[in-house]
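Below is one structure, written out as structure tokens, with a few remarks after it.
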Amino acid sequence: MNVRFDPVDRLRGTVAAAPDKSLSHRAAMFGAMAQDPVRVTGYLMAEDTISTLNAMRALGALVEERGDELVIRGVGLREPREVDGLIDVGNAGTLMRLLPGWLAAQEGRSWTFDGDASIRKRPVDRVAAPLREMGGVIEARDDRFPPFTVRGARLRGIEYALPVASAQVKSCVLMAGMLADGTTTVVEPVPSRDHTERMLAAAGVSIVRSGSRITVPQADELELDALVVPGDPSSAAFMLAAGVLVPGSRLVVTNCGANWTRTGFMRIAQRMGAVVVGDFEPVPAGDVAIPTSEPLTDIDVTAGPLVGTTVEADEVPLAIDELPLVALLACFAEGETVVRGAEELRFKESDRIEAVVTGLRGLGADIEGTPDGFVVQGTGGLRGGVIESHGDHRLAMLGAIAGMASLEGVEVVGMETAAVSYPGFQDDIAGLLTS
């Protein structure tokens, strides 16, 4: 589906942040692992997260929808059932990389994972490596890609140093660690989003962070009662970027998650001169106890002038999904913007470095790709044109924001892919145009 987004004079109004995709995935999985029913409020009903609900149903969990609330009656930590056929993850990389951590410890049972054409290009070796070190059995196509099979085995706790900061790999290992003999420690090169740690702490698991080390012991059960999914900072970032780039705009984004491991984009935008105001959780100065909840904030954003900046590798995991928006802001900024250490972008729904560079250059940007990021020379704006989503929801929404801020407008090829994470995106934009 091709959709054209023409330049607009301004965006005004209030919009609620779409429910958090990362937390919705985890809520479904941990709800399925719990012994007693878990109530989940605010679950994101989008293509990726529905794939996760369907996978939990296939494993034996009962999922009841009650308006804005789900009730998940799980199977406990050790009783997921074998699936007759495949676990279809669709386009959900989070599901594909987290769920094997739970299933790898289920002795005597096996499960095969597959997904769409995009998912078959996304590697699973980063989760296979630590699971194999723990005693798990993972058989993958070319030893690296889906479809792949997880054969349950008795696992042992390990200490695993992540080669690259990844919340998905970290979460997979911690989930396996709950079912492994002894204790399991993950060592991060730099911090990544910590939703899994918070949810485990809320479930009564004695998880501990010390510096870059996160340690989890074997657990008997998860004690969850209710989970509330906040608004998604990654989805909200598109509205914030629109408010910054379209002249005369004034927006308020409500109910947005303010977890410091998810607000890296907001900090980068503020450094570039954007007026983005919210009650964001501060970056901790040292070791602190793992929180058991997710903070919320309303965010006020106003259009204004921007300057270039440099995003270093230690910032990348805290803004990984929003880095394409950094490239878009950089097109409208004065001076040069450089992003380094973001090679992980090459393994998303598309090669996001290549797709962003090619897409924005086609709209008039002065942008060059590098092996681990990109360099943008700010020109004060974009001409417009056509951008291809390549089946990537974030590129589709990037094109929409670029169109509204451009001189001539942008036609987005494959706009329907936005439904993967933000099915109400176009409706929310339309509401800001009529406010």
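Here is a check on your reading of the model: is residue 249 in the same structural domain as residue 408 (by TED's automatic domain parsing) and touching a Lys or Arg at 6+ places or on another chain (Cβ under 6 Å)?
Taking the combined requirement at face value, the residue satisfies it.
Scan the strands (runs of 3 or more DSSP E) fully inside the stretch 287-401 and keep the ones with 2 or more residues being among the hydrophobic types (A, V, I, L, M, F, W, C).
In the stretch 287-401, 296-302, 336-339, 373-377, 385-388 are the strands (runs of 3 or more DSSP E) which contain 2 or more residues that are among the hydrophobic types (A, V, I, L, M, F, W, C).
Pull up the stretch 349-390, narrow it to residues that are of a type in the set (Lys, Arg) and surrounded by fewer than 22 Cβ atoms within 10 Å (Cβ to Cβ), then point me to the one that is farthest from the chain's Cα centre (by Cα).
Only one residue tops the list, namely 383.
Those residues that are of a type in the set (Ser, Thr, Tyr) and either without any contact (Cβ under 8 Å) to a residue 60 or more places away in the chain or more than 22 Å from residue 381 (Cβ to Cβ) (or both), I need them from the stretch 394-425; list them, please.
Listed by number, the residues that qualify are 417, 421, 422.
Conditions: (1) within 29 Å of residue 392 (Cα to Cα); (2) in a loop (DSSP other than H, G, I, E, B). Residue 106 meets all but one. Number of the miss?
Condition (1) is where residue 106 drops out.
When you check residue 142 against the structure, is it touching a residue at least 12 places away in the same chain (Cβ under 8 Å) and surrounded by fewer than 24 Cβ atoms within 10 Å (Cβ to Cβ), yes or no?
So residue 142 fails the test.
Assuming residue 382 fulfils every condition listed in (1) farther than 22 Å from residue 12 by Cα; (2) touching a Ser or Thr at 6+ places or on another chain (Cβ under 7 Å) apart from one, which condition is it?
(1)
Count, please, the residues in the stretch 145-185 that happen to be touching a strand residue (DSSP E or B) at 6+ places or on another chain (Cβ under 9 Å), closer than 27 Å to residue 24 by Cα and loosely packed, with under 14 Cβ neighbours inside 10 Å.
1
All but one of (1) crowded, with 23+ Cβ neighbours inside 10 Å; (2) touching a Ser or Thr at 6+ places or on another chain (Cβ under 8 Å); (3) without any contact (Cβ under 8 Å) to a residue 60 or more places away in the chain hold for residue 68; which doesn't?
(1)
Across the stretch 93-125, what is the number of residues that are among the basic types (Lys, Arg) and crowded, with 18+ Cβ neighbours inside 10 Å?
Number satisfying all stated conditions: 2.
Scan the stretch 407-425 for residues that are assigned to a helix (DSSP H, G or I) and either more than 13 Å from residue 2 (Cα to Cα) or in contact with a strand residue (DSSP E or B) (Cβ under 6 Å, 6 or more places away or on another chain) (or both) and jot them down.
Scanning the stretch 407-425 gives 415, 419, 420, 425.
Would you say residue 201 is closer than 28 Å to residue 285 by Cβ, in a helix (DSSP H, G or I) and in contact (Cβ under 8 Å) with a residue 60 or more places away in the chain?
For residue 201, the condition - closer than 28 Å to residue 285 by Cβ, in a helix (DSSP H, G or I) and in contact (Cβ under 8 Å) with a residue 60 or more places away in the chain - is met.
Condition first: under 22 Å from residue 233 (Cα atoms) and modelled with pLDDT of 95 or more. Can you find one or more residues in the stretch 356-366 that meet it?
Yes, that holds for at least one residue.
What are the pairs, 6+ residues apart or on separate chains, where a residue within the stretch 110-126 that is among the aliphatic types (A, V, I, L, M) has its Cβ under 7 Å from a residue that is in a strand (DSSP E or B)?
Note: pairs meeting the criteria are 119/146; 124/140; 124/145; 124/146; 124/148.
Looking at this structure, is residue 276 touching a residue at least 40 places away in the same chain (Cβ under 8 Å), in the same structural domain as residue 342 (by TED's automatic domain parsing), crowded, with 17+ Cβ neighbours inside 10 Å and among the β-branched types (Val, Ile, Thr)?
Criteria not met by residue 276.
Yes/no per residue for (1) in contact with a strand residue (DSSP E or B) (Cβ under 8 Å, 6 or more places away or on another chain); (2) closer than 23 Å to residue 434 by Cβ; (3) without any contact (Cβ under 8 Å) to a residue 40 or more places away in the chain:
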{"site": "9", "(1), (2), (3)": "no, yes, no"}
{"site": "30", "(1), (2), (3)": "yes, no, no"}
{"site": "33", "(1), (2), (3)": "no, no, no"}
{"site": "39", "(1), (2), (3)": "yes, no, no"}
{"site": "42", "(1), (2), (3)": "yes, no, no"}
{"site": "48", "(1), (2), (3)": "no, no, no"}
{"site": "54", "(1), (2), (3)": "yes, no, yes"}
{"site": "61", "(1), (2), (3)": "yes, no, yes"}
{"site": "64", "(1), (2), (3)": "yes, no, yes"}
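The values are calculated or read from the model by the stated rules, or taken from the named source; none is laboratory data. No experiment lies behind these values; they were computed from the predicted model shown. All Cβ positions, even for glycine, are placed from backbone atoms using ideal geometry, and neighbour counts span all protein chains on display.
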